[in-house]
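Could you have a look at this structure, given as structure tokens, before my questions?
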Amino acid sequence: MTVSIREMTEADTDDIARLRVLGWRHAYRGIMPRPYLDALDPLPFAAGLRRGLAGPTARTGHLVASGPSEPGRIIGWACQGPYRPHEAGWGEVRALYVHPGFIGTGVGRALLEAATARLSADGLPRVRLWVVRGNMRALRFYERAGFAPDGAEQSEEIQGVSVTELRYARG
């Protein structure tokens, strides 16, 4: 599939927020509590994206992907920037979501390649990202892209369920 990737604009924020909620509900089904996933609201996230675009972004970038069948339809989104907390030479892919109907078509790979290329161009050739334990599709995806767990973990309790993220690194 031919994927078109471009910078996100303010006009994209509502679509990206809906895509993020759809992505969470798809990827984290059975990992996070269903009532939590069902209650996700794209509106606050869209508002946050708009605020981020209006203010200083500290080199945070947002990329959107569309496919050939519907050129204006956003089917993927990636966010990248310096690693948080700051560590010299490290970038972070902060988010990568693909519409469930396009998983396995190369959209995610194209977004990941574009996001890591942007980081490298910004002087951040080493990249980290966080993946929810149990999200086997994402774990395999990142491992095929050359990422490996580096041993760091962080956990958060969501409606009584402990959700652990594993940090992956490349470079």
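Restricting the stretch 12-38 to residues that are among the small types (Gly, Ala, Ser) and in contact (Cβ under 8 Å) with a residue 60 or more places away in the chain, which is least open to solvent (accessible area, probe 1.4 Å)?
Gly23
Please count how many residues of the stretch 39-60 are assigned to a helix (DSSP H, G or I), basic (Lys, Arg) and touching a residue at least 12 places away in the same chain (Cβ under 8 Å).
Residues meeting the conditions: 1.
Further question on the same structure: Name the pairs: first residue in the stretch 135-148 and closer than 11 Å to Ala27 by Cβ, second residue outside any strand (DSSP E or B) and open to solvent by 20 Å² or more (accessible area, probe 1.4 Å), Cβ to Cβ under 6 Å, at least 6 apart or on different chains?
From residues that are closer than 11 Å to Ala27 by Cβ, the pairs are Asn135/Ala27.
Which one of these does Val3 not meet: (1) under 25 Å from Asn135 (Cα atoms); (2) loosely packed, with under 15 Cβ neighbours inside 10 Å?
(2)
Is it the case that Leu49 is open to solvent by 30 Å² or more (accessible area, probe 1.4 Å), out of contact with any Phe, Trp or Tyr (no Cβ under 9 Å at 6 or more places or on another chain), of a type in the set (A, V, I, L, M) and farther than 13 Å from His99 by Cα?
No: the conditions fail for Leu49.
Also, I was wondering about something else. Kindly state which strands (runs of 3 or more DSSP E) lie completely within the stretch 61-171 and contain at least 2 residues that are within 13 Å of the chain's Cα centre (by Cα), surrounded by 14 or more Cβ atoms within 10 Å (Cβ to Cβ) and modelled with pLDDT of 95 or more.
The strands (runs of 3 or more DSSP E) meeting that bar are 61-66, 74-82, 90-98, 126-132.
Pairs please, first residue from the stretch 93-109 and of a type in the set (Gly, Ala, Ser), second anywhere and open to solvent by less than 40 Å² (accessible area, probe 1.4 Å), Cβ atoms under 8 Å, 6+ apart in sequence or on different chains.
From the stretch 93-109, the pairs are Ala95/Trp77; Ala95/Ala78; Ala95/Cys79; Gly101/Ile75; Gly106/Val3; Gly108/Gly76; Gly108/Leu96; Gly108/Val98.
The values are calculated or read from the model by the stated rules, or taken from the named source; none is laboratory data. Predicted model, so just to flag it, every value in this text is computed and none were measured. Cβ atoms come from the backbone with ideal geometry, glycine included; neighbour counts cover every protein chain shown. Accessible surface is based on the protein model in full, side chains and every heavy atom, while ligands, DNA and RNA are left aside. Shrake-Rupley method; radii C 1.70, N 1.55, O 1.52, S 1.80 Å.
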